[in-house]
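To start, the structure under review is shown below, and the notes come after it.
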Amino acid sequence: MRLRRLFLSLSTKRIRFVVAYDGTDFCGWAPQAGQRTVHRTLTEGVRQVSGEDVEITGASRTDSGAHARGQVCHFDQKIDLPAERWPRAINQVLPRDLTVLRADEVPNDFHSRFSAQNRFYRFRIMMGDRDPHRMRYTWFYGKNLDIAAMQAGAARLVGEHNFLAFSQLLEPHQTSVRTLYKVDVRHVRDEVWIDVVGTAFVRGMMRRISGSLWEIGRGKYAPDWIDDLLAQRDRAQIKWPTLLPACGLTLMKVKYGRHPRDHRIFPSLAEGIREDNDE
């Protein structure tokens, strides 16, 4: 479906989408040759509606199988199409597991990734009986966990730390220093919810944080094991926390300030932080 009577404007307009998706059948956000990704599917949707080939930039690069309720992305359009018309138009051509919730026009210096103040992720662990209606969105463990011990471990993760032991391979120019504002563990019915809010997340970080807290919850380690992990600086010596499956992970929200600005460089952190390997 392509909208009719679209006209080129004299200048480009930057459009921001808030996107939700079931990541089960996607190979993650980032484009990959020959793979079904959220980025590729969304880009094709924009092309079908507007006739334009645009470059879409996302706030986070979610892993294959991970989900989103509040992913944010932006692109520049030349056509004269009001932002508020985008959700209805593009959702007619997108598959059922991907939808644009909201769209608005933003200043041209807005950047969905580098203007973000923080990101909120949730990991869900199912402790009770298998429930087929939730299996796509939780990781099934099937046993009880020590919530108090997990909460004690989670408290040690708050603040600015080197999360090398919670990361996957980094490029030489990248740093694993990040700041977490909140790490909460909650018992919700027969599930454990691990809610984490932070500036940014290196690849694998959220799933290894969840894995470390799961290890503590099942009694393999004490909560102060987190201190040992945060102290690690040599990849060859690290006893890695479990990398839990991506099915339990959801990007819940990306937060921006009233006047978004480029947060690429954090004054208290090492220079040159890049998020190319984000969750």
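The values are calculated or read from the model by the stated rules, or taken from the named source; none is laboratory data. Since we're looking at a predicted model, the values are computed, not measured. Quick reminder, even Gly has a Cβ in these numbers, built from the backbone with ideal geometry, and neighbours come from all protein chains shown. Only protein heavy atoms, including side chains, enter the accessible area calculation; ligands, DNA and RNA are left aside. Shrake-Rupley method; radii C 1.70, N 1.55, O 1.52, S 1.80 Å.
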Checklist entry - Of Lys239, Lys255, which has the most accessible area and how do the rest follow, probe 1.4 Å? => result Lys239, Lys255
Checklist entry - Of the GluC sites (Glu not before Pro) in region 23-95, which ones lie in a loop per DSSP and count no more than 13 other C-beta atoms within 10 Å? => result Glu55
Checklist entry - Looking at the chain, what % of its DSSP beta bridges pair antiparallel, to the nearest 5? => result 90 percent
Checklist entry - Once both labels are modelled 7 Å past Cα along the beta-carbon direction, what's the Lys255-Asp80 spacing in nm? => result 4.0 nm
Item to check | Peptides 179-191, 205-217 ordered by average Cβ neighbours within 10 Å, highest first | outcome: 205-217, 179-191
Item to check | Principal-axis tilt of helix 38-50 within the chain, Cα atoms, nearest 10 degrees | outcome: 10 degrees
Next on the checklist: With the cut-off at 26 Å, tell me which of the pairs Lys220/Lys253; Lys143/Lys253; Lys13/Lys255; Lys220/Lys255; Lys78/Lys253 have Cα atoms farther apart than that.
Outcome noted: Lys220/Lys253; Lys143/Lys253; Lys220/Lys255; Lys78/Lys253
Next on the checklist: Tell me the per residue accessible area of region 60-200 using a 1.4 Å probe; a whole number in Å² is fine.
Outcome noted: 45 Å²
Item to check | Carbon and sulfur %, accessible surface of the chain computed with the full protein complex present, 1.4 Å | outcome: 47 percent
